[in-house]
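Take a look at the structure set out below.
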Amino acid sequence: MKKQGILNSHISKVLADLGHTDTIVIADVGLPIPDGVEKIDLALTLGSPSFEETVNAVAADMEIEKVVIANEIQTDNPQALHYIEGKFAGRAIETCPHEEFKQLTRKARAVIRTGEAKPFANIILQAGVYFG
């Protein structure tokens, strides 16, 4: 049995299978999941697990070179934006309109659905290369 890191076997497998520039999405309860993209549903109740809790766990186990967020987060969820800017300081943070963001999720290896019930608490994480 694993004793640290991601215990969820589905997330652990997705992370182990990622190659350079592959993406995964961490999503709030409302983001539509495109057909054909693996959905890992963690949502238990509204707010649980939270967006931040899920991002923290995944980021601790994944080499991330770039993140993508929707422009709308700036006005509709500044708390999440502040968290993302602090968490990913020093990495590329790209923004795009929410409709474009949803199109980008079609290329993701998986979408991890949280219980987060705040608007635009969604992020695309692009895998980097870890050389130890």
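Taken together, the values in this text are just the output of simple stated rules run on the coordinates, not laboratory data. The structure presented is a predicted model; accordingly, all values stated were derived computationally and were not measured. No Cβ is skipped: glycine too gets one built from the backbone with ideal geometry, and neighbour counts run over all protein chains shown.
Mind telling me which of the residues Ala80, Ala60, Ala43, Ala89 ends up being among the small types (Gly, Ala, Ser), exposed (fewer than 15 other Cβ atoms within 10 Å of the Cβ) and touching a residue at least 12 places away in the same chain (Cβ under 8 Å)?
Details: Ala80 fails: exposed (fewer than 15 other Cβ atoms within 10 Å of the Cβ); Ala43 fails: exposed (fewer than 15 other Cβ atoms within 10 Å of the Cβ); Ala89 fails: touching a residue at least 12 places away in the same chain (Cβ under 8 Å).
Of Ala80, Ala60, Ala43, Ala89, the one residue that is among the small types (Gly, Ala, Ser), exposed (fewer than 15 other Cβ atoms within 10 Å of the Cβ) and touching a residue at least 12 places away in the same chain (Cβ under 8 Å) is Ala60.
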- prompt: Among the strands (runs of 3 or more DSSP E) contained in region 89-132, which hold 2 or more residues that are farther than 21 Å from Lys13 by Cα and in contact with a Lys or Arg (Cβ under 7 Å, 6 or more places away or on another chain)?
  reply: 92-96
- prompt: Any idea which residue in region 10-36 is surrounded by the fewest Cβ atoms within 10 Å (Cβ to Cβ), counting only those that are in contact with a Lys or Arg (Cβ under 8 Å, 6 or more places away or on another chain) and part of a helix (DSSP H, G or I)?
  reply: Asp17
query: Is it the case that Glu52 is in contact with a Phe, Trp or Tyr (Cβ under 8 Å, 6 or more places away or on another chain), of a type outside the set (A, V, I, L, M) and not in a loop (DSSP other than H, G, I, E, B)?
result: yes
